[in-house]
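Here is the structure we will look at, set down as structure tokens.
The values are calculated or read from the model by the stated rules, or taken from the named source; none is laboratory data. This one's a predicted model, so the numbers in the text were calculated from it and none came from an experiment. Glycine also receives a Cβ, built like all others from the backbone with ideal geometry; neighbour counts cover every protein chain displayed. Side chains included, ligands, DNA and RNA excluded: accessible areas come from the protein's heavy atoms. Shrake-Rupley method; radii C 1.70, N 1.55, O 1.52, S 1.80 Å.
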Amino acid sequence: MVANEKLAMLDLIVETHVGLERQGPGSAEMTLKALSFLDNLEGISRVVDLGCGTGGQTMVLAQNINGNVIGVDICPAFIDVFNDKVKKLNLEERVKGIVGTIEDLPFQKEEFDLIWSEGVIDSIGFEKGLNYWDGFLKKRGYIALTCPSWLTDERPAEIEKFWVDAVQGLGTIAHNISIMQKAGYRLVTTFTLPEECWTDNYFIPREAAEKALLEKYTGNKTVQAYIEAEKYEVELYSKYKQHYGYVFYVGQKK
Ligand SMILES: C[S@@+](CC[C@H](N)C(=O)[O-])C[C@H]1O[C@@H](n2cnc3c(N)ncnc32)[C@H](O)[C@@H]1O
């Protein structure tokens, strides 16, 4: 593409994120920490990772579980990278990425022992996502997901507005736990991801990709606006991080 060709925001998001290890806050350590709360890992034979991106957390899971793992993501370019990683790691017999939406999954009722999902449930809403996905989980199966959540009961208007505009708002940890319990889950654990999951593992690599984008599309107004918006997100995090964070929720279906 040339510098002034029209670019859609979605293309820019994909171009910025496709080469990153993660497409959102997280880390291998936190994925393994969540996994460590599950009983009977040997008994887990079918896993789905919803909103898997290029598979950062999926490959960690697949290397620590013997069962089959399916990654689902709406972005074909991310799934291509995901399946390249699968090949490089010789995991083709057990791991596969497919293009699909988390709101209309092509699976059987109660097909999975474990539903994993880092960083996507907020896009459809915690309650809606949990209740829909629940149908695909076996009884006594586990769900482990991260969701940006409020850490405090009161927040400045600026950060409230940001999250309302982004995903129609966030819930507190207590609120999300009560949704899980009402949906029929025993709460196994929740924990908040440390700051470096946002900074070192996500914002810093993303900034490098944005710099390359600015150079590639010099003078392009859409690219500039996109990068400004991303910078604002980073500024807000540094200003208000005591009020919100990515929280892991692990539950077991009763
Ligand atoms: C914040 S990123 C997290 C990616 C990855 N799980 C991680 O933590 O690095 C959210 C991912 O969900 C995907 N996504 C967004 N909406 C989706 C939908 N409706 N169905 C499937 N995937 C979706 C995006 O393409 C993106 O890869």
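Out of all the residues in the range 25-37, which are surrounded by 14 or more Cβ atoms within 10 Å (Cβ to Cβ) and not charged (D, E, K, R)?
Once the filter is applied, which keeps residues that are surrounded by 14 or more Cβ atoms within 10 Å (Cβ to Cβ) and not charged (D, E, K, R), the range 25-37 yields Pro25, Gly26, Ser27, Ala28, Met30, Thr31, Leu32, Ala34, Leu35, Phe37.
Please indicate, with yes or no, whether at least one residue in the range 159-180 is free of Cβ contacts under 8 Å to residues at least 40 places away in the same chain, part of a helix (DSSP H, G or I) and among the polar types (S, T, N, Q).
Yes, that holds for at least one residue.
Conditions (1) more than 15 Å from the chain's Cα centre (by Cα); (2) at negative phi; (3) surrounded by fewer than 19 Cβ atoms within 10 Å (Cβ to Cβ), marked per residue:
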site	(1), (2), (3)
Glu21	no, yes, yes
Asp39	yes, yes, yes
Gly56	no, yes, no
Cys75	no, yes, no
Asp84	yes, yes, yes
Ile98	yes, yes, yes
Gln108	yes, yes, yes
Phe112	yes, yes, no
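I need the full set of residues from the range 128-158 which are within 16 Å of the ligand (Cβ to nearest atom) and assigned to a helix (DSSP H, G or I), in order please.
Within the range 128-158, Lys128, Gly129, Leu130, Asn131, Tyr132, Trp133 meet the criteria.
Going through the range 114-127 one residue at a time, which ones are open to solvent by 10 Å² or more (accessible area, probe 1.4 Å) and not in a helix (DSSP H, G or I)?
Glu118, Gly119, Val120, Ile124, Gly125 - these are the residues of the range 114-127 that are open to solvent by 10 Å² or more (accessible area, probe 1.4 Å) and not in a helix (DSSP H, G or I).
Tally up the residues in the range 191-200 that are under 19 Å from Leu35 (Cα atoms) and crowded, with 18+ Cβ neighbours inside 10 Å, please.
If we filter the range 191-200 for residues that are under 19 Å from Leu35 (Cα atoms), which is where we start, we get 191-194, 197.
From what is left, the residues that are crowded, with 18+ Cβ neighbours inside 10 Å are 193, 197.
Residues in the range 191-200 being under 19 Å from Leu35 (Cα atoms) and crowded, with 18+ Cβ neighbours inside 10 Å: 2 in total.
Being touching a helix residue (DSSP H, G or I) at 6+ places or on another chain (Cβ under 7 Å) and part of a helix (DSSP H, G or I) is the filter; apply it to the range 201-221 and report the residue that is farthest from Leu38 (Cα to Cα).
Let us first name the residues in the range 201-221 that are touching a helix residue (DSSP H, G or I) at 6+ places or on another chain (Cβ under 7 Å), namely 203, 206, 209-210, 213-214, 217.
From what is left, the residues that are part of a helix (DSSP H, G or I) are 203, 206, 209-210, 213-214.
Details: Phe203: 30, Arg206: 32, Ala209: 35, Glu210: 37, Leu213: 41, Leu214: 43 Å.
Taking the candidates together, the pick is Leu214.
Taking only the range 67-117 into account, find how many residues are of a type in the set (S, T, N, Q) and closer than 21 Å to Lys128 by Cα.
Start the filter on the range 67-117 by keeping residues that are of a type in the set (S, T, N, Q), which leaves 68, 83, 90, 101, 108, 117.
Filter once more, so that each one left must be closer than 21 Å to Lys128 by Cα: 101, 108, 117.
Number of matching residues: 3.
Report, by residue number, each residue of the range 107-125 that is over 21 Å from Leu35 (Cβ atoms) and of a type in the set (A, V, I, L, M).
Scanning the range 107-125 gives a single hit, Ile124.
What number of residues in the range 140-166 are within 25 Å of Lys33 (Cβ to Cβ) and open to solvent by 30 Å² or more (accessible area, probe 1.4 Å)?
The number of residues fulfilling the criteria is 3.
Within the range 231-254, how many residues turn out to be free of Cβ contacts under 8 Å to residues at least 60 places away in the same chain and in contact with a helix residue (DSSP H, G or I) (Cβ under 6 Å, 6 or more places away or on another chain)?
1
May I ask you to list the residues in the range 214-233 that are under 23 Å from the mean Cα position of the chain (by Cα) and open to solvent by less than 70 Å² (accessible area, probe 1.4 Å)?
Narrowing the range 214-233 to residues under 23 Å from the mean Cα position of the chain (by Cα): 226-233.
Across the range 214-233, the qualifying residues are Tyr226, Ile227, Ala229, Glu230, Glu233.
Among the residues of the range 64-85, write down those that are β-branched (Val, Ile, Thr), near the ligand (Cβ under 9 Å from one of its atoms) and touching a Ser or Thr at 6+ places or on another chain (Cβ under 7 Å).
Result: Ile74, single match.
How many residues does the range 21-63 contain that are outside any helix (DSSP H, G or I), away from the ligand (no atom under 14 Å from the Cβ) and hydrophobic (A, V, I, L, M, F, W, C)?
Step one: filter the range 21-63 for residues outside any helix (DSSP H, G or I), giving 21-27, 36-40, 44-55, 63.
Next cut, away from the ligand (no atom under 14 Å from the Cβ) only: 36-40, 44-46, 63.
Pick out the ones that are also hydrophobic (A, V, I, L, M, F, W, C) and you get 37-38, 44.
Within the range 21-63, residues that are outside any helix (DSSP H, G or I), away from the ligand (no atom under 14 Å from the Cβ) and hydrophobic (A, V, I, L, M, F, W, C) number 3.
Residues in the range 4-19: is at least one touching a strand residue (DSSP E or B) at 6+ places or on another chain (Cβ under 7 Å) and outside any helix (DSSP H, G or I)?
Keep residues of the range 4-19 that are touching a strand residue (DSSP E or B) at 6+ places or on another chain (Cβ under 7 Å), which gives none.
Scanning the range 4-19, I find no residue that is touching a strand residue (DSSP E or B) at 6+ places or on another chain (Cβ under 7 Å) and outside any helix (DSSP H, G or I), so the answer is no.
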